[in-house]
1. Evaluate the distance, in nm, between pseudo-label points positioned 7 Å from the Cα of Asn155 and of Glu49 along their respective Cα→Cβ axes.
2. Restricting to Cα pairs below 8 Å that are 6+ residues apart, what does the relative contact order work out to for segment 3-155? Please round to a whole percent.
3. Name the residue farthest towards the positive end of the dipole of segment 3-155 from the options Val21, Thr53, Tyr114, assuming +1 on Cβ of Lys and Arg, -1 on Cβ of Asp and Glu, about the Cα centre.
4. So what's the gap between the Cα centers of segment 104-129 and segment 71-95, to the nearest angstrom?
5. So for Trp108, Trp152, fewest C-beta neighbours within 10 Å to most, what's the order?
6. Neighbouring Cβ atoms within 10 Å as the yardstick, rank Val57, Val21 fewest first.
7. Hey, can you grab everything whose amide H is under 5 Å from the amide H of Lys116? Only 5+ residues off in sequence or another chain; H modelled, so Pro and N-termini drop out.
8. Can you tell me what share of the DSSP beta bridges in the chain is antiparallel? A percent to the nearest 5 is fine.
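Computed from the coordinates by the stated procedures, all read-outs in this text should not be read as laboratory data. None of these values were measured; they are calculated from a predicted model. Using ideal geometry, Cβ is built from the backbone for each residue, glycine included, and neighbour counts are taken over all protein chains shown.
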Amino acid sequence: MLMYASVGISELEMPTKKSLVIYISNCQHRCRNCHTPYLQNCYGDLLKENFETIFNVYYEYFDIVCFMGEGKETEEDKKEMLDYCTFIHSRKKMTALYCGRNCQVENWMDKFDYIKIGSYQEEKGPITESTTNQKLLKKENNKYVDITYIFWKLNNH
Ligand code: SF4
């Protein structure tokens, strides 16, 4: 089951949109100089117990629910996240996944409106830098389009 360490509203995670960011713990990656090492541990509360309350409390303040991480990446965790996506869409909000892995879009990710892929590589910089290895993809007409450049434009203003 997915566990989360904290939640918050952010205007930085998605360009031009407000996100309800949910920091998922049990991260399986071990990026060098990880910026949030506590997320590598079994830390926090069960998301299932609080998700709908969190969603409803913040409802007026966000456009997108952004899952920061994939937890243990088990089939059970994926299904849980996809069930949240169904709920979120039914309530007219969008979904985003920050997967933190070097991968292509996988079939199970199809319910996300935005997907950020690519591991955190300190020397290449965060996604807001044009040197980054990370990509933000947006689903448009059932295809994922790379919109990473929007971060760089915003960063230069
Ligand atoms: S994916 Fe994020 S939380 Fe996980 S090890 Fe890498 S930087 Fe840390």
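1. Taking the two extended label points, one gets 3.9 nm.
2. 18
3. The residue sitting farthest along the positive end of the dipole is Tyr114.
4. Taking the Cα centre of each part, segment 104-129 and segment 71-95 sit 17 Å apart.
5. The most exposed by this proxy come first: Trp108, Trp152.
6. Val57, Val21
7. Leu97, Tyr98, Cys99, Leu137
8. Looking only at bridges with both residues in the chain, the antiparallel portion is about 55 percent.
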